[in-house]
Amino acid sequence: MIIVMKADVQPDSPEVQQVVRMAERYPDVRAEVRKIQGATRSLTEVYLLGSTTSIPIEPFQEFPTVEKAIRIRERYRSIGRHEGQSEEVGFEYRGIQFSQDTFHVFPGLCAVDSRENVESMFRLLKERGVRTTRAGAYKPRTSPYDFQGHGEECLPFVFELAGKYDIAVIAMEITRESHVEEIHRQLERAGNPTGVMLQIGTRNAQNFELLKIVGSQTDYPVLFKRGMGITLDESLNACEYIASGGNNKIIVCLRGMKTNFGDPHRNFVDFAHVPVLRRLTRLPVCIDPSHSVGKKVVAPDGLLDIHHATAQGVIAGANMVLVDFHPKPEEALCDGPQALLFDEFDLFMKDVELVRKSYLERVALVEAAK
Ligand code: PEP
Ligand code: MN
């Protein structure tokens, strides 16, 4: 059950404490207070966890400071969009808002290779006024003989350069608990010049222990990538592991499915699921056209398949785009064939902007027709 407090009721207020006390009078029930950051206002919600089926809803609804009580019947208790929950939720991190109403592009290196390449990437972003990027230090690779990422060793220069070029958030994959500790240590050493969004890669989508680890900390938001060979329901249950641990700063990312039906792309592009995720959850939705398409091929109209796939996700309401760029893709140590070039940056961003604008116009059209 979720008790939604009226606007302006703060999580640490006596009114919320009253609701918590009433909830915890029932046997085997635990109450968890969550602050839900919307695009325009914040809300306090009290989640009743445990054996809640026999708890009556009315006593909670009688509190004058309670807006409504919702009985959760569906799955995805924490991340789900339950009946009557139309309020967009999201979070703020390093001064940037993330919700189903916002839109951000994270262009960057798939993997950190040299300081020089990181610097030229960040310099380009700074010149174009982009403050969000991707940069992998830990790379889970199909072959053990492939480049595994520079690990902690590269973090000092990545963070130093992020500070120098005003990068606010770096999406960075982690594959074990010590990676979170390493990132934390090196960010502190560098004086916290930037923020990190912990990426759970598709290969770890059902690594439940790792999900519990990123879910039990709230220093860093989590970018959860859909599992490449499991159902959407399984991916959302995995995501629920993060939220049920107490971390609600989650973005869910579509990155294509592994199936031969996807040929000749690297994965079967699944961006038609953007509206599905927005309906089933209240999480911001990301798309990763680079890992979905996986190669730079041009359609007869002159646009790259990566552009087309991006447009398909953005026109459907995606809130974030994770996309690979590299100054010299032929020298990249990971995923060079799908990286866009620096002189393709402006075209990509303009195309994205155009499509996002069209999406907003489509929504306005529907609103006007109501
Ligand atoms: C990545 O983003 O670098 C990556 C490895 O993605 P995925 O987990 O989707 O394959
Ligand atoms: Mn990659």
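The values are calculated or read from the model by the stated rules, or taken from the named source; none is laboratory data. Keep in mind it's a predicted model, so treat the numbers as computed, not measured. Cβ: placed from backbone, ideal geometry, glycine included. Neighbour counts: every protein chain shown. Heads up: the accessible areas ignore ligands, DNA and RNA and are worked out on the full protein's heavy atoms, side chains in. Shrake-Rupley method; radii C 1.70, N 1.55, O 1.52, S 1.80 Å.
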Inset, instruction - Looking for whichever is assigned by TED's automatic domain parsing to the domain that holds VAL112, open to solvent by 40 Å² or more (accessible area, probe 1.4 Å) and touching a residue at least 12 places away in the same chain (Cβ under 8 Å) here; the options are LYS295, LYS357. Which one fits? - result: LYS295
Legend entry - Residue within region 148-168 that is touching a residue at least 60 places away in the same chain (Cβ under 8 Å) and at negative phi present: yes
Inset, instruction - List every residue pair whose Cβ atoms lie under 6 Å apart, where the two residues are 6 or more positions apart in sequence or sit on different chains, the first residue falls within region 119-140 and is among the aliphatic types (A, V, I, L, M), and the second residue, located anywhere, is within 12 Å of ligand 1 (Cβ to nearest atom) and open to solvent by 10 Å² or more (accessible area, probe 1.4 Å). - result: ALA137/GLY149
Legend entry - Condition met for VAL323 (of a type in the set (Val, Ile, Thr) and in a helix (DSSP H, G or I)): no
Inset, instruction - Just need a number here: residues in region 148-195 that are aliphatic (A, V, I, L, M) and over 21 Å from LEU210 (Cβ atoms). - result: 6
Inset, instruction - Tell me, yes or no, whether region 299-316 has at least one residue that is in contact with a helix residue (DSSP H, G or I) (Cβ under 8 Å, 6 or more places away or on another chain), within 15 Å of ligand 2 (Cβ to nearest atom) and open to solvent by 20 Å² or more (accessible area, probe 1.4 Å). - result: no
Legend entry - Given (1) open to solvent by less than 20 Å² (accessible area, probe 1.4 Å); (2) in contact (Cβ under 8 Å) with a residue 60 or more places away in the chain, index of the condition LYS328 fails: (1)
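Per-residue answers, yes or no, for (1) closer than 22 Å to ASP324 by Cβ; (2) of a type in the set (Gly, Ala, Ser):
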| site | (1), (2) |
| --- | --- |
| GLY227 | yes, yes |
| ILE230 | no, no |
| GLU234 | no, no |
| ASN237 | no, no |
| ASN248 | no, no |
| GLY256 | yes, yes |
| ASN260 | no, no |
| HIS265 | yes, no |
| VAL269 | yes, no |
Inset, instruction - Taking the residues in region 327-340 that are part of a loop (DSSP other than H, G, I, E, B) and closer than 15 Å to PRO289 by Cβ as candidates, determine which candidate is nearest to ligand 2 (Cβ to nearest atom). - result: ASP335
Legend entry - Sole exception among (1) open to solvent by 50 Å² or more (accessible area, probe 1.4 Å); (2) more than 16 Å from ligand 2 (Cβ to nearest atom); (3) modelled with pLDDT of 95 or more for GLU119, by number: (1)
Inset, instruction - Assess whether VAL363 counts as being open to solvent by less than 70 Å² (accessible area, probe 1.4 Å) and closer than 16 Å to LYS225 by Cα. - result: no
Inset, instruction - Could you please let me know if THR259 is modelled with pLDDT of 95 or more, more than 17 Å from the chain's Cα centre (by Cα) and either open to solvent by less than 60 Å² (accessible area, probe 1.4 Å) or on the phi > 0 side of the Ramachandran plot (or both)? - result: yes
Legend entry - Members of region 202-221 that are closer than 11 Å to ALA171 by Cβ and buried (at least 23 other Cβ atoms within 10 Å of the Cβ): PRO221
Inset, instruction - Give region 8-50 a look and list any residue that's part of a loop (DSSP other than H, G, I, E, B), closer than 21 Å to ILE72 by Cα and either hydrophobic (A, V, I, L, M, F, W, C) or open to solvent by 80 Å² or more (accessible area, probe 1.4 Å) (or both), or say none. - result: ARG25, PRO27, ASP28
Inset, instruction - For residues that are away from ligand 2 (no atom under 12 Å from the Cβ) and of a type in the set (A, V, I, L, M, F, W, C), scanning just region 126-158, find the one that is surrounded by the fewest Cβ atoms within 10 Å (Cβ to Cβ). - result: PHE157
Legend entry - Residue within region 207-217 that is touching a Leu at 6+ places or on another chain (Cβ under 6 Å), within 14 Å of ligand 1 (Cβ to nearest atom) and not β-branched (Val, Ile, Thr) present: no
